[in-house]
Amino acid sequence: MNSIWTKTVKLPEFPKLESDIKTDVLIIGGGIAGILCAYELDQAGIDYVLVEADTICSGVTGYTTAKISSQHGLIYDKLVKEFGTDKAGLYLKANEMALEQYKAICKNIDCDYEEKDSYLYTINHREKLERELKALESIGYQAELVENIELPFETQGAIKFTGQAQFHPLRFVAAIAKNLHIYEHTKVTELGIQYAMTQKGRLITADNIVVATHFPINNKHGAYFLKMYQSRSYVLALEHAQQLNGMYRDECDTGLSFRNQKDLLLLGGGSHRTGKKGGNWQELESFTRKYYPDARIKVQWATQDCMTLDHVPYIGTYGKNTHGFYVSTGFNKWGMTNSMVAAVLLRDQIRMKKNEYAELFNPHRTMMRPQLCLNAMEATKNLLTFSSKRCPHLGCALKWNAIEHTWDCECHGSRFEEDGKLINGPATDDLKM
(Lines give C-alpha, C1' and ligand atoms only; values in the text may rest on other atoms or scores of the structure.)
Protein backbone atom coordinates (compact mmCIF):
# COMPACT_ATOMS: atom_id res chain seq x y z
CA MET A 1 0.00 0.00 0.00
CA ASN A 2 1.32 3.42 -0.97
CA SER A 3 0.28 6.94 -0.03
CA ILE A 4 0.82 10.11 -2.04
CA TRP A 5 3.82 10.73 0.21
CA THR A 6 5.50 7.37 -0.41
CA LYS A 7 4.76 7.57 -4.16
CA THR A 8 6.34 11.00 -4.63
CA VAL A 9 9.67 10.92 -2.80
CA LYS A 10 12.84 8.86 -2.62
CA LEU A 11 14.14 8.72 0.92
CA PRO A 12 17.87 8.47 1.64
CA GLU A 13 19.21 4.98 2.27
CA PHE A 14 21.41 3.94 5.16
CA PRO A 15 23.66 0.95 5.88
CA LYS A 16 22.95 -2.01 8.11
CA LEU A 17 24.79 -2.15 11.44
CA GLU A 18 27.62 -4.68 10.96
CA SER A 19 29.61 -4.34 14.19
CA ASP A 20 29.21 -3.67 17.91
CA ILE A 21 29.07 0.04 18.74
CA LYS A 22 28.93 2.37 21.74
CA THR A 23 27.11 5.69 21.75
CA ASP A 24 25.78 8.26 24.22
CA VAL A 25 22.20 7.90 22.93
CA LEU A 26 20.53 5.04 21.08
CA ILE A 27 17.22 5.85 19.34
CA ILE A 28 15.10 2.85 18.32
CA GLY A 29 12.59 3.59 15.57
CA GLY A 30 12.96 5.51 12.32
CA GLY A 31 9.59 7.22 12.03
CA ILE A 32 9.28 10.98 12.28
CA ALA A 33 9.42 10.85 16.10
CA GLY A 34 12.78 9.07 16.04
CA ILE A 35 14.12 11.15 13.15
CA LEU A 36 13.24 14.43 14.88
CA CYS A 37 14.83 13.20 18.11
CA ALA A 38 18.01 12.37 16.19
CA TYR A 39 17.88 15.76 14.46
CA GLU A 40 17.57 17.65 17.76
CA LEU A 41 20.43 15.66 19.32
CA ASP A 42 22.54 16.25 16.21
CA GLN A 43 21.89 19.99 16.37
CA ALA A 44 22.87 19.96 20.05
CA GLY A 45 26.15 18.14 19.32
CA ILE A 46 25.20 15.01 21.28
CA ASP A 47 26.58 11.61 20.21
CA TYR A 48 23.71 9.33 19.07
CA VAL A 49 22.77 6.49 16.74
CA LEU A 50 19.32 5.67 15.34
CA VAL A 51 18.43 2.10 14.33
CA GLU A 52 15.40 1.11 12.26
CA ALA A 53 14.22 -2.49 11.73
CA ASP A 54 13.15 -1.78 8.14
CA THR A 55 13.72 1.53 6.33
CA ILE A 56 13.05 5.00 7.71
CA CYS A 57 9.41 6.09 7.67
CA SER A 58 8.23 2.70 6.41
CA GLY A 59 5.62 2.61 9.21
CA VAL A 60 2.87 5.06 10.09
CA THR A 61 4.77 8.26 9.19
CA GLY A 62 4.32 7.59 5.49
CA TYR A 63 0.55 7.37 5.90
CA THR A 64 -0.35 10.51 7.83
CA THR A 65 -2.48 13.41 6.58
CA ALA A 66 0.44 15.64 7.65
CA LYS A 67 -1.34 18.50 9.39
CA ILE A 68 0.93 20.58 11.62
CA SER A 69 -1.54 21.97 14.08
CA SER A 70 -2.13 22.66 17.76
CA GLN A 71 -5.87 22.19 17.20
CA HIS A 72 -6.32 18.56 18.26
CA GLY A 73 -10.05 18.04 18.22
CA LEU A 74 -11.93 19.00 21.39
CA ILE A 75 -8.75 18.56 23.43
CA TYR A 76 -8.70 21.78 25.45
CA ASP A 77 -12.12 21.38 27.07
CA LYS A 78 -11.04 17.88 28.13
CA LEU A 79 -7.66 19.05 29.42
CA VAL A 80 -9.11 21.92 31.43
CA LYS A 81 -11.52 19.49 33.12
CA GLU A 82 -8.91 16.81 33.79
CA PHE A 83 -5.75 18.83 34.46
CA GLY A 84 -6.80 22.46 35.00
CA THR A 85 -6.11 25.59 32.98
CA ASP A 86 -2.36 25.73 33.68
CA LYS A 87 -1.58 22.31 32.21
CA ALA A 88 -4.07 22.78 29.38
CA GLY A 89 -2.22 25.99 28.56
CA LEU A 90 1.10 24.13 28.64
CA TYR A 91 -0.22 21.59 26.13
CA LEU A 92 -1.17 24.41 23.79
CA LYS A 93 2.16 26.16 24.36
CA ALA A 94 4.11 22.96 23.64
CA ASN A 95 2.33 22.40 20.34
CA GLU A 96 2.62 26.06 19.34
CA MET A 97 6.36 25.69 20.01
CA ALA A 98 6.35 22.67 17.69
CA LEU A 99 4.65 24.75 15.00
CA GLU A 100 7.37 27.38 15.26
CA GLN A 101 10.10 24.71 15.10
CA TYR A 102 8.66 23.32 11.88
CA LYS A 103 8.30 26.80 10.42
CA ALA A 104 11.95 27.59 11.12
CA ILE A 105 13.27 24.29 9.72
CA CYS A 106 11.02 24.32 6.64
CA LYS A 107 12.25 27.77 5.53
CA ASN A 108 15.17 26.05 3.84
CA ILE A 109 13.43 22.86 2.73
CA ASP A 110 11.30 22.17 -0.36
CA CYS A 111 8.59 20.13 1.35
CA ASP A 112 5.35 21.82 0.21
CA TYR A 113 5.11 23.66 3.51
CA GLU A 114 2.07 25.97 3.55
CA GLU A 115 0.52 27.98 6.34
CA LYS A 116 -3.20 27.21 6.56
CA ASP A 117 -5.99 28.02 8.97
CA SER A 118 -7.38 24.99 10.78
CA TYR A 119 -11.10 24.46 11.43
CA LEU A 120 -12.83 22.12 13.87
CA TYR A 121 -16.42 21.82 12.71
CA THR A 122 -19.56 20.17 14.07
CA ILE A 123 -22.60 18.85 12.25
CA ASN A 124 -25.04 18.77 15.16
CA HIS A 125 -23.25 19.53 18.46
CA ARG A 126 -22.65 23.27 18.55
CA GLU A 127 -22.62 23.20 22.36
CA LYS A 128 -19.36 21.20 22.18
CA LEU A 129 -17.73 23.96 20.16
CA GLU A 130 -18.95 26.55 22.62
CA ARG A 131 -17.43 24.62 25.52
CA GLU A 132 -14.16 24.24 23.62
CA LEU A 133 -14.09 27.96 22.85
CA LYS A 134 -14.68 28.75 26.52
CA ALA A 135 -11.80 26.45 27.51
CA LEU A 136 -9.52 28.14 24.99
CA GLU A 137 -10.45 31.55 26.35
CA SER A 138 -9.66 30.34 29.89
CA ILE A 139 -6.08 29.49 28.83
CA GLY A 140 -5.62 32.74 26.93
CA TYR A 141 -5.97 31.59 23.31
CA GLN A 142 -8.13 33.73 21.04
CA ALA A 143 -9.78 31.29 18.67
CA GLU A 144 -12.71 32.29 16.49
CA LEU A 145 -16.13 30.65 16.14
CA VAL A 146 -17.15 30.95 12.49
CA GLU A 147 -20.61 30.23 11.13
CA ASN A 148 -19.93 29.37 7.50
CA ILE A 149 -17.16 27.17 6.11
CA GLU A 150 -16.35 25.97 2.61
CA LEU A 151 -17.28 22.28 2.98
CA PRO A 152 -20.08 20.95 0.75
CA PHE A 153 -22.56 20.17 3.54
CA GLU A 154 -24.25 22.08 6.34
CA THR A 155 -22.58 22.47 9.73
CA GLN A 156 -23.37 24.27 12.95
CA GLY A 157 -20.15 26.25 12.81
CA ALA A 158 -16.44 25.71 13.36
CA ILE A 159 -13.62 26.87 15.63
CA LYS A 160 -10.84 28.50 13.64
CA PHE A 161 -7.13 28.40 14.55
CA THR A 162 -5.06 30.77 12.40
CA GLY A 163 -1.46 30.23 11.32
CA GLN A 164 -1.38 26.41 11.32
CA ALA A 165 0.37 24.46 8.55
CA GLN A 166 0.55 21.43 6.29
CA PHE A 167 3.45 19.84 4.38
CA HIS A 168 4.84 16.80 2.58
CA PRO A 169 6.15 14.79 5.56
CA LEU A 170 8.53 12.52 3.65
CA ARG A 171 10.15 15.36 1.70
CA PHE A 172 10.72 16.99 5.08
CA VAL A 173 12.23 13.80 6.49
CA ALA A 174 14.36 13.24 3.39
CA ALA A 175 15.94 16.67 3.88
CA ILE A 176 16.66 16.49 7.62
CA ALA A 177 17.64 12.80 7.75
CA LYS A 178 20.26 12.59 5.00
CA ASN A 179 23.22 13.48 7.23
CA LEU A 180 22.03 11.82 10.44
CA HIS A 181 23.67 8.74 12.02
CA ILE A 182 21.18 6.05 11.00
CA TYR A 183 21.30 2.30 10.48
CA GLU A 184 18.49 0.63 8.55
CA HIS A 185 17.55 -3.08 8.47
CA THR A 186 18.84 -3.25 12.04
CA LYS A 187 16.16 -4.85 14.20
CA VAL A 188 16.51 -4.75 17.98
CA THR A 189 15.55 -8.13 19.46
CA GLU A 190 16.76 -7.70 23.03
CA LEU A 191 16.56 -4.52 25.06
CA GLY A 192 17.83 -3.65 28.50
CA ILE A 193 19.00 -0.66 30.47
CA GLN A 194 22.00 0.79 28.57
CA TYR A 195 22.20 -1.97 25.97
CA ALA A 196 20.41 -3.45 22.98
CA MET A 197 21.08 -6.55 20.89
CA THR A 198 20.21 -6.71 17.20
CA GLN A 199 18.83 -9.60 15.19
CA LYS A 200 22.31 -10.15 13.74
CA GLY A 201 23.89 -10.35 17.19
CA ARG A 202 25.39 -6.85 17.24
CA LEU A 203 25.67 -5.24 20.66
CA ILE A 204 24.83 -1.56 21.08
CA THR A 205 25.75 0.00 24.40
CA ALA A 206 24.44 3.45 25.24
CA ASP A 207 24.17 5.71 28.28
CA ASN A 208 20.65 6.65 27.14
CA ILE A 209 18.07 4.75 25.08
CA VAL A 210 14.98 6.29 23.44
CA VAL A 211 12.23 3.92 22.28
CA ALA A 212 10.37 5.67 19.45
CA THR A 213 8.75 2.61 17.87
CA HIS A 214 5.18 3.97 17.65
CA PHE A 215 3.97 1.44 20.26
CA PRO A 216 6.65 0.63 22.88
CA ILE A 217 8.27 -2.78 22.40
CA ASN A 218 9.32 -3.49 26.00
CA ASN A 219 6.56 -4.87 28.27
CA LYS A 220 8.65 -4.96 31.47
CA HIS A 221 8.20 -1.28 32.30
CA GLY A 222 5.48 1.34 32.01
CA ALA A 223 2.41 -0.90 31.39
CA TYR A 224 1.84 0.69 27.98
CA PHE A 225 -0.17 -2.36 26.90
CA LEU A 226 -2.76 -1.23 29.46
CA LYS A 227 -2.36 2.51 28.94
CA MET A 228 -2.96 2.56 25.18
CA TYR A 229 -5.02 1.07 22.40
CA GLN A 230 -4.67 1.62 18.64
CA SER A 231 -7.09 3.15 16.17
CA ARG A 232 -7.18 2.82 12.39
CA SER A 233 -8.29 5.51 9.97
CA TYR A 234 -8.44 5.79 6.18
CA VAL A 235 -7.63 8.32 3.48
CA LEU A 236 -8.67 8.87 -0.14
CA ALA A 237 -6.65 11.20 -2.37
CA LEU A 238 -9.21 12.58 -4.83
CA GLU A 239 -8.71 14.19 -8.22
CA HIS A 240 -11.31 16.66 -9.55
CA ALA A 241 -12.69 17.34 -6.09
CA GLN A 242 -12.70 20.55 -4.03
CA GLN A 243 -9.86 23.04 -3.54
CA LEU A 244 -9.91 24.23 0.07
CA ASN A 245 -8.27 27.25 1.66
CA GLY A 246 -8.01 25.60 5.08
CA MET A 247 -7.68 22.27 6.89
CA TYR A 248 -10.85 20.76 8.36
CA ARG A 249 -11.74 18.10 10.91
CA ASP A 250 -15.03 16.97 12.47
CA GLU A 251 -15.21 17.24 16.26
CA CYS A 252 -16.65 13.71 16.27
CA ASP A 253 -13.94 11.05 16.57
CA THR A 254 -15.52 9.04 13.77
CA GLY A 255 -16.06 12.09 11.53
CA LEU A 256 -14.21 13.27 8.44
CA SER A 257 -11.12 15.39 7.81
CA PHE A 258 -10.17 17.43 4.75
CA ARG A 259 -7.07 19.10 3.33
CA ASN A 260 -5.59 19.65 -0.11
CA GLN A 261 -2.21 18.51 -1.36
CA LYS A 262 -1.65 20.53 -4.53
CA ASP A 263 -4.52 19.52 -6.84
CA LEU A 264 -5.65 16.57 -4.72
CA LEU A 265 -8.21 16.58 -1.92
CA LEU A 266 -7.25 14.33 0.99
CA LEU A 267 -10.44 12.96 2.55
CA GLY A 268 -9.89 11.11 5.83
CA GLY A 269 -12.16 9.17 8.17
CA GLY A 270 -13.72 5.75 8.70
CA SER A 271 -11.97 5.44 12.07
CA HIS A 272 -12.35 2.46 14.41
CA ARG A 273 -10.44 0.62 17.09
CA THR A 274 -7.96 -1.77 15.48
CA GLY A 275 -9.50 -5.24 15.27
CA LYS A 276 -13.09 -3.96 15.28
CA LYS A 277 -15.42 -3.01 12.45
CA GLY A 278 -15.65 0.57 11.19
CA GLY A 279 -16.40 2.78 8.24
CA ASN A 280 -13.15 2.04 6.42
CA TRP A 281 -12.75 3.23 2.85
CA GLN A 282 -16.38 2.37 2.05
CA GLU A 283 -17.57 5.28 4.20
CA LEU A 284 -15.26 7.66 2.35
CA GLU A 285 -16.27 6.29 -1.05
CA SER A 286 -19.95 6.75 -0.20
CA PHE A 287 -19.32 10.35 0.87
CA THR A 288 -17.37 10.99 -2.35
CA ARG A 289 -20.19 9.68 -4.55
CA LYS A 290 -22.66 11.99 -2.81
CA TYR A 291 -20.67 15.22 -2.56
CA TYR A 292 -17.93 14.90 -5.21
CA PRO A 293 -19.58 12.84 -7.99
CA ASP A 294 -17.00 13.91 -10.57
CA ALA A 295 -14.01 12.99 -8.39
CA ARG A 296 -11.69 10.08 -9.06
CA ILE A 297 -9.70 8.19 -6.43
CA LYS A 298 -6.02 8.47 -7.28
CA VAL A 299 -4.56 6.82 -4.16
CA GLN A 300 -5.99 5.32 -0.99
CA TRP A 301 -4.26 4.31 2.21
CA ALA A 302 -4.78 3.63 5.91
CA THR A 303 -2.90 4.48 9.06
CA GLN A 304 -2.81 3.58 12.73
CA ASP A 305 -2.55 5.71 15.87
CA CYS A 306 -1.80 5.04 19.53
CA MET A 307 -4.45 6.45 21.86
CA THR A 308 -3.67 7.24 25.51
CA LEU A 309 -5.87 7.20 28.60
CA ASP A 310 -6.15 10.99 28.92
CA HIS A 311 -5.51 12.36 25.39
CA VAL A 312 -1.91 13.41 26.24
CA PRO A 313 1.18 11.59 24.84
CA TYR A 314 3.64 9.65 26.99
CA ILE A 315 7.04 11.32 26.69
CA GLY A 316 9.79 10.79 29.24
CA THR A 317 11.35 7.96 31.26
CA TYR A 318 10.08 4.56 30.11
CA GLY A 319 9.45 3.28 33.64
CA LYS A 320 9.30 4.98 37.02
CA ASN A 321 12.87 3.94 37.89
CA THR A 322 14.52 3.66 34.47
CA HIS A 323 16.97 6.54 34.43
CA GLY A 324 18.41 6.95 30.94
CA PHE A 325 15.68 4.81 29.35
CA TYR A 326 13.03 6.92 27.57
CA VAL A 327 9.84 6.56 25.55
CA SER A 328 7.98 8.64 22.97
CA THR A 329 4.50 7.37 22.15
CA GLY A 330 0.73 7.90 22.25
CA PHE A 331 0.27 10.87 19.93
CA ASN A 332 -3.54 10.44 19.65
CA LYS A 333 -3.66 11.09 15.86
CA TRP A 334 -1.56 14.26 16.13
CA GLY A 335 1.88 12.86 15.43
CA MET A 336 3.39 15.81 13.60
CA THR A 337 3.42 18.40 16.39
CA ASN A 338 3.63 15.86 19.21
CA SER A 339 6.69 14.24 17.61
CA MET A 340 8.41 17.62 17.62
CA VAL A 341 7.41 18.20 21.25
CA ALA A 342 8.86 14.78 22.11
CA ALA A 343 12.14 15.48 20.31
CA VAL A 344 12.68 18.77 22.14
CA LEU A 345 11.61 17.39 25.53
CA LEU A 346 13.77 14.26 25.29
CA ARG A 347 16.75 16.28 24.08
CA ASP A 348 16.51 18.37 27.24
CA GLN A 349 15.98 15.39 29.54
CA ILE A 350 19.01 13.62 28.09
CA ARG A 351 21.05 16.77 28.73
CA MET A 352 19.53 16.90 32.26
CA LYS A 353 18.12 20.31 31.42
CA LYS A 354 14.83 21.42 32.97
CA ASN A 355 11.90 21.49 30.55
CA GLU A 356 8.57 23.06 31.48
CA TYR A 357 6.59 20.37 29.64
CA ALA A 358 8.11 17.35 31.43
CA GLU A 359 5.45 16.97 34.12
CA LEU A 360 2.53 17.27 31.70
CA PHE A 361 3.84 14.51 29.40
CA ASN A 362 5.25 12.33 32.22
CA PRO A 363 4.38 8.71 31.26
CA HIS A 364 3.82 7.81 34.92
CA ARG A 365 0.97 10.18 35.73
CA THR A 366 -2.16 8.57 37.13
CA MET A 367 -3.72 5.68 35.21
CA MET A 368 -7.07 6.10 36.96
CA ARG A 369 -9.08 7.02 33.86
CA PRO A 370 -12.26 5.45 32.44
CA GLN A 371 -10.37 4.32 29.34
CA LEU A 372 -8.20 2.04 31.50
CA CYS A 373 -11.26 -0.04 32.42
CA LEU A 374 -12.31 -0.22 28.77
CA ASN A 375 -8.83 -1.33 27.71
CA ALA A 376 -8.72 -3.99 30.43
CA MET A 377 -12.21 -5.28 29.53
CA GLU A 378 -11.31 -5.50 25.83
CA ALA A 379 -8.12 -7.41 26.61
CA THR A 380 -9.86 -9.82 29.01
CA LYS A 381 -12.68 -10.52 26.57
CA ASN A 382 -10.25 -11.05 23.74
CA LEU A 383 -7.98 -13.38 25.71
CA LEU A 384 -11.03 -15.58 26.37
CA THR A 385 -12.04 -15.58 22.69
CA PHE A 386 -11.30 -18.69 20.64
CA SER A 387 -9.13 -18.08 17.60
CA SER A 388 -6.77 -20.28 15.65
CA LYS A 389 -4.45 -17.28 15.39
CA ARG A 390 -2.98 -15.72 18.56
CA CYS A 391 -0.89 -12.56 18.71
CA PRO A 392 2.76 -13.25 19.66
CA HIS A 393 2.76 -10.05 21.74
CA LEU A 394 0.61 -11.14 24.72
CA GLY A 395 -1.48 -13.97 23.28
CA CYS A 396 -4.68 -12.15 22.33
CA ALA A 397 -7.01 -13.58 19.69
CA LEU A 398 -6.48 -12.23 16.18
CA LYS A 399 -9.38 -11.31 13.90
CA TRP A 400 -9.40 -11.54 10.15
CA ASN A 401 -9.80 -8.11 8.54
CA ALA A 402 -11.61 -8.85 5.28
CA ILE A 403 -11.28 -5.24 4.06
CA GLU A 404 -7.48 -5.04 4.34
CA HIS A 405 -6.75 -8.79 4.24
CA THR A 406 -4.83 -8.77 7.51
CA TRP A 407 -4.87 -10.44 10.91
CA ASP A 408 -5.57 -7.74 13.53
CA CYS A 409 -5.34 -7.68 17.34
CA GLU A 410 -7.96 -5.52 19.04
CA CYS A 411 -6.16 -5.72 22.41
CA HIS A 412 -3.08 -3.70 21.49
CA GLY A 413 -3.24 -3.18 17.74
CA SER A 414 -0.64 -5.55 16.29
CA ARG A 415 -1.35 -6.44 12.65
CA PHE A 416 -0.07 -9.14 10.32
CA GLU A 417 -0.28 -9.82 6.62
CA GLU A 418 -2.23 -12.83 5.38
CA ASP A 419 0.95 -14.92 5.37
CA GLY A 420 1.81 -13.84 8.94
CA LYS A 421 4.39 -11.13 8.24
CA LEU A 422 4.35 -8.41 10.90
CA ILE A 423 2.91 -5.04 9.82
CA ASN A 424 2.32 -3.10 13.06
CA GLY A 425 3.58 -3.58 16.63
CA PRO A 426 3.73 -3.86 19.59
CA ALA A 427 4.40 -7.44 18.46
CA THR A 428 8.01 -7.78 17.37
CA ASP A 429 7.83 -11.15 15.60
CA ASP A 430 5.95 -12.53 12.61
CA LEU A 431 2.84 -14.61 13.22
CA LYS A 432 3.53 -18.34 13.20
CA MET A 433 1.11 -19.80 10.67
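Quick one: net charge of residue 311's neighbours, Cβ under 14 Å, K/R +1, D/E -1? That works out to 0. Taking the Cα centre of each part, how many Å lie between the stretch 142-214 and the stretch 1-57? After rounding, the separation between the Cα centres reads 11 Å. The overall shape of the stretch 372-412, judged from the alpha-carbon gyration tensor, is prolate: a/c is not under 1.5, and a/b is greater than b/c.
Run the accessible area of the stretch 17-82 with a 1.4 Å probe and give the carbon-and-sulfur part as a rounded percent. Answer for the stretch 17-82: carbon and sulfur cover 44 percent of the accessible area.
Applying a 4.7 Å Cβ-Cβ cutoff to the chain leaves 37, 57, 106, 111, 252, 306, 373 as cysteine residues with no disulfide-compatible partner.
Which order do peptides 210-223, 250-263 fall in by mean Cβ count within 10 Å, highest first? Could the numbers behind the result be given before it?
On the way: 210-223: 22.3, 250-263: 17.6.
The most tightly packed comes first, giving 210-223, 250-263.
Using the alpha-carbon atoms, what tilt in degrees (0 to 90, nearest 10) does helix 370-383 show relative to the longest principal axis of the chain? Taking the Cα atoms of the chain, the angle to 370-383 is about 60 degrees.
Beta-bridge orientation, the chain: approximately 75 percent antiparallel, per DSSP, counting only bridges with both partners inside. Solvent-accessible area of the stretch 113-225 (1.4 angstrom probe, protein heavy atoms only): carbon and sulfur portion equals 43 percent.
Given +1 on the Cβ of Lys and Arg, -1 on the Cβ of Asp and Glu, and no further charges, what dipole in debye does the chain carry about its Cα centre, rounded to the nearest 20? Display every interim value, and only then the final one.
Numbers: 50 positive and 52 negative charges, 164 e Å.
Using Cβ point charges on Lys, Arg, Asp and Glu, the chain gives about 780 debye.
For the chain, the solvent-accessible area with a 1.4 angstrom probe is 42 square angstrom per residue.
The values are calculated or read from the model by the stated rules, or taken from the named source; none is laboratory data. Keep in mind that what you see is a predicted model, and the values were worked out from it rather than measured. No Cβ is skipped: glycine too gets one built from the backbone with ideal geometry, and neighbour counts run over all protein chains shown. Keep in mind that these areas ignore ligands, DNA and RNA; they rest on the heavy atoms of the full protein, side chains included. Shrake-Rupley method; radii C 1.70, N 1.55, O 1.52, S 1.80 Å.
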